[in-house]
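The values are calculated or read from the model by the stated rules, or taken from the named source; none is laboratory data. What you see is a predicted model; the values in this text were computed from it and never measured. Quick reminder, even Gly has a Cβ in these numbers, built from the backbone with ideal geometry, and neighbours come from all protein chains shown. Accessible surface areas use protein heavy atoms only, side chains included; no ligands, DNA or RNA. Shrake-Rupley method; radii C 1.70, N 1.55, O 1.52, S 1.80 Å.
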Amino acid sequence: MQEKEASFYNIVQFASHLVDSLLFIHYIAVILLIIRQLQGQYVIHVVRSPDGESHSYSIGNLSIQRAAVWILEQYYKDFQVYNPYLENVIKKSMKMSGLKFYDVDGNQPSNNNARARAIMAAAGRRRDGSHNDRFYEEQEYDRRVRKRRSRLVTATEEAFTHIKRMQEESGINTGYLKSYVVTLL
């Protein structure tokens, strides 16, 4: 009976040591990947074209896909939120210049409050067709987003093609570039 308990204890101890050594190897691999990434080998300068905000990042020896993911993470952390269409989607510019006021009694309104109330009442009556306008504004916004997305996909494909061509000219193995998927949210 003692031999069975001793052999079971040895098996459990062996499994425990194996798990410890595998964890140690995993931690060393993670540390090496981090050190490899931290060694500054390239500087990437990111410029957001609509407003010109820019930041530079120093990265190590990474694949293009990993560098793109890392730059995207840094972009979301460092750049301020910029959406020029966000303000214009909900707001609708009201053109008040088309309103004319006639005073039937012949006396002018004594204060601007009465005029402001008249303008708001007229705008409320004009707002009946606003659902149509809002529909077309949303359609236009969606069209612009699709157009920008297609431009980004085309630019990304051209960049990967250029990198692949440069690597083929210099004789570098391009096996990891043959299968990539570009998804833009």
Do you know which of the residues in region 31-54 that are open to solvent by less than 60 Å² (accessible area, probe 1.4 Å) and not in a loop (DSSP other than H, G, I, E, B) is farthest from residue 79 (Cα to Cα)? 37
Pairs please, first residue from region 143-154 and modelled with pLDDT of 90 or more, second anywhere and open to solvent by less than 100 Å² (accessible area, probe 1.4 Å), Cβ atoms under 8 Å, 6+ apart in sequence or on different chains. 144/85
Per the filter on region 62-78, residues of a type in the set (Phe, Trp, Tyr) and either in contact with an Asp or Glu (Cβ under 7 Å, 6 or more places away or on another chain) or surrounded by 12 or more Cβ atoms within 10 Å (Cβ to Cβ) (or both) are 70, 75
Is at least one residue of region 114-135 basic (Lys, Arg), assigned to a helix (DSSP H, G or I) and modelled with pLDDT of 85 or more? no
Looking at region 9-26, is at least one residue closer than 30 Å to residue 81 by Cβ and either assigned to a strand (DSSP E or B) or more than 37 Å from the chain's Cα centre (by Cα) (or both)? no
Any chance region 72-94 includes a residue that's out of contact with any helix residue (DSSP H, G or I) (no Cβ under 7 Å at 6 or more places or on another chain), modelled with pLDDT of 80 or more, among the polar types (S, T, N, Q) and not in a helix (DSSP H, G or I)? yes
